[in-house]
Every structure is written in structure tokens, then in C-alpha cells.
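To start, the structure itself, in C-alpha cells.
We did not get these values from a lab; they are worked out from the coordinates using the rules stated. All of these numbers come straight from a predicted model, not from anything done at the bench. All Cβ positions, even for glycine, are placed from backbone atoms using ideal geometry, and neighbour counts span all protein chains on display.
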Amino acid sequence: MSRLRIYGVARTRAFRALWIAKELGLDESSFSDCLSSAKHASIVDGDLQDGSTYGVRGTPTLFVNGRMVTNRGREAISALIDRELARTAEAKAQ
């Protein structure tokens, strides 16, 4: 991918982030300053790397007890939580 294309994508994302900040009622100047300073870039990059390591491909992604939830139906999530609670209780009892 060319540098120009990468720059264009990054610039589009920055504009989108500024638009969202405005819609949320955030102070645009402070948000813009924070965004352009890259003060928190290493934290965000670390979070992105962690997500990639655990197979996260987008948001929202839900984990229960370290297990990625693939079926987001209420019953499936409830059953997974119940199984994990039982498994944890069993492990503590041993």
C-alpha cells in the first residue's frame, strides 16, 4: 500500500474521530490536541496487539472467563456463564 494511501486512511480516521467527538459533545480543541499528540498511542497500540493475540477482529467482542463468546444469543451467553461458574466452583472445591 502506498504511503499516500496509508496517509489518506489515517487522515480519514482522524476526521471520523473528530466528528464522533463533536457528536458526543467533547471539547473539540482538547480532543484534537490529544489525538494529534499521540500521547496515548503506545497504550492503544498495545490494546490492538492484545486484541489481535486473542483473536479479536472487531467490537464488540465478549469474553467469559477468558473464552471468546461466538454465539451472542442471550441463552447461549447465559449457558456459558453457568458452565464457567460451575467449572470455577468445582476447581475451588478440589
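Quick one: how many residues across region 48-94 are acidic (Asp, Glu) and within 19 Å of the chain's Cα centre (by Cα)?
Of the residues in region 48-94, 1 are acidic (Asp, Glu) and within 19 Å of the chain's Cα centre (by Cα).
Are any residues in region 17-61 within 30 Å of residue 72 (Cβ to Cβ) and hydrophobic (A, V, I, L, M, F, W, C), and if so, which ones?
17, 19, 20, 21, 24, 26, 43, 44, 48, 56
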